[in-house]
Amino acid sequence: GDYLAILPLNPIQIVQRVFRRFNLSTNTHIEIHSTTNTFFPTGHPVSAFDILSSYVELSQLISKKQIETLASLCKDQNEQIKLSNLNGDLYQTEILDKRLSILDILELYPSCELSFSQYLRMLPSLRIRQYSISSSPLWNSESVTITFDVIDAPAISGHGQYYGVASNYLSHLKIGDHLSCCVRASNVAFHLPNDTKVPVIMIAAGTGIAPFRGFIQERAAQLVCGRDIGPTILYYGCRTEYDCLYLNELNKWSKLGAVQIKIAYSRQSNENKKYVQHLIWDDRNEIAQLYHQGARFYICGSARKLAASVKTCFIKIIAHDQQCDDDKAAKLLEEISNDRYNVDVFA
């Protein structure tokens with residue numbers, strides 16, 4: 001249930017775009033001076049390539065204040081007006097929804113005369129990325145695995161290609177490479193209960209299966225060692241069987257008796273789409289029974305899609321079980337959220 005925190009490097013494709021925009025060569029060296037504390041190395045020549053690769057966020061969404069600054073630097077009046085207009089009602093649809101960065105705007109509005117030093121001042125420091133550990137120490141106390149989706153696709157904005165910073169960095173690592181990382185604890189409640197007989201219900205979609213692979217691996221190891229384990233159920237949402245991660249392992253652990261696997265395929269056929277909340281609702285009586293037996297519930301996946309839909313479904317199940325309205329059911333769900341309904345979500 002814990003995380004592996006990783007400090008990545010920016011994709012070389014994005015770094016090269018910066019060099020082209022500012023007419024710099026890849027062997028350019030710069031010297032940074034600052035009168036205040038800064039995360040940059042100061043007072044001596046450093047490689048501009050290293051700075052752009054290792055120190056700054058190049059894909060960070062541009063802020064309204066930064067749009068205002070760039071608009072004031074546009075020499076073309078039409079570009080200045082268009083850019084200024086993005087600072088109002090259009091900011092959500094044209095900037096946030098399209099995930100435009102400062103670099104994107106500079107390429108779309110070439111008359112903006114922003115210097116390289118001004119550009120660096122506008123960039124935040126490169127931040128770590130957290131990935132749920134998808135293995136159990138009972139499997140190997142000296143190794144961890146993580147599960148990630150490599151993001152390399154046409155940008156939503158229609159402007160070039162979008163590269164996930166950490167996922168592309170990880171996908172290009174080779175055996176023997178070193179990386180900067182550490183283990184970080186998750187929410188104290190997002191771990192398996194100490195009592196192995198407590199029922200566990202896990203709900204995930206896509207790479208949200210990561211922590212639950214570790215959970216199931218742990219319970220399988222406990223079972224092999226002769227421990228009694230309670231009912232363990234995984235509800236897993238995928239588009240098709242091709243997208244079902246760790247399917248062979250899940251089937252093996254299912255045959256062992258360590259877990260029940262219930263998969264919802266949303267695009268497997270031309271039939272109506274089926275998501276995990278549909279499976280959960282179908283099993284509402286069993287889930288209510290496990291709840292009364294002290295079951296703990298874990299959800300991992302998209303905050304906007306999975307977590308919201310599953311929460312709505314659980315409110316309906318509680319209302320059905322307790323014969324109450326949705327408002328009362330929502331309050332009951334809130335009461336158990338501290339220790340029995342645990343959510344780990346991403347944007």
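The values are calculated or read from the model by the stated rules, or taken from the named source; none is laboratory data. The model shown is predicted, which means the values in this text are computed figures rather than measured ones. Note that each Cβ is placed from the backbone with ideal geometry, even for glycine, and that neighbours are counted across all protein chains shown. Note: accessible area is taken over every heavy atom of the protein model, side chains too, but ligands, DNA and RNA are not part of it. Shrake-Rupley method; radii C 1.70, N 1.55, O 1.52, S 1.80 Å.
The spacing between the stretch 202-239 and the stretch 60-122, judged by their C-alpha centroids, is 46 Å. For the chain, the share of accessible area belonging to carbon and sulfur comes to 49 percent (1.4 Å probe, ligands and nucleic acids excluded). Taking every DSSP helix (H) stretch of at least 4 residues in the chain, weighting each as -39,500 (n - 2.57) and dividing the sum by the residue count yields a mean residue ellipticity at 222 nm of -10000 deg cm²/dmol. A simple rule links phi to the HN-Hα coupling: the Karplus curve 6.51 cos²θ - 1.76 cosθ + 1.60 with θ = phi - 60°, which for the stretch 68-84 gives 4, 5, 5, 4, 5, 9, 6, 7, 8, 5, 4, 5, 4, 5, 4, 5, 4 Hz, with x for Gly and Pro.
With 0.36 nm allotted per residue and the present C-alpha distance subtracted, the K64-T93 stretch has 9.1 nm of extension available. Shown are V198, V56, whose ranking by accessible area with a 1.4 Å probe and every protein chain present, most to least, is V198, V56. A simple spin-label model places the labels of S171 and F346 1.3 nm from each other, with each point 7 Å out along Cα-to-Cβ.
When P(r) over Cα pairs in 10 Å bins from 0, in percent is calculated directly from the model, which label among (i) 5, 23, 29, 22, 12, 6, 1, 0, 0; (ii) 5, 24, 32, 28, 11, 1; (iii) 5, 20, 25, 21, 16, 10, 3, 0 fits? Only one option fits the structure, namely (iii). The 1.4 Å probe gives accessible areas that order L61, L306, largest first, as L61, L306. Residues of the chain were split at every exposed loop site, defined as GluC sites (Glu not before Pro) in a DSSP loop with at most 14 other C-beta atoms within 10 angstrom, and the longest piece left, sites excluded, is 143-270. In the full protein context, the chain carries 54 Å² of accessible surface per residue, based on a 1.4 Å probe and ignoring ligands, DNA and RNA. The gain in end-to-end length when the S117 to K75 segment is fully stretched comes to 13.2 nm, 0.36 nm per residue minus the alpha carbon separation. K328 to R284: FRET efficiency via 1/(1 + (r/R0)^6), r the Cβ-Cβ distance, R0 22 Å, to the nearest 0.05? Efficiency, rounded to the nearest 0.05: 0.85. Multiplying the residue separation of A155 and N248 by 0.36 nm and subtracting their alpha-carbon distance yields 30.2 nm.
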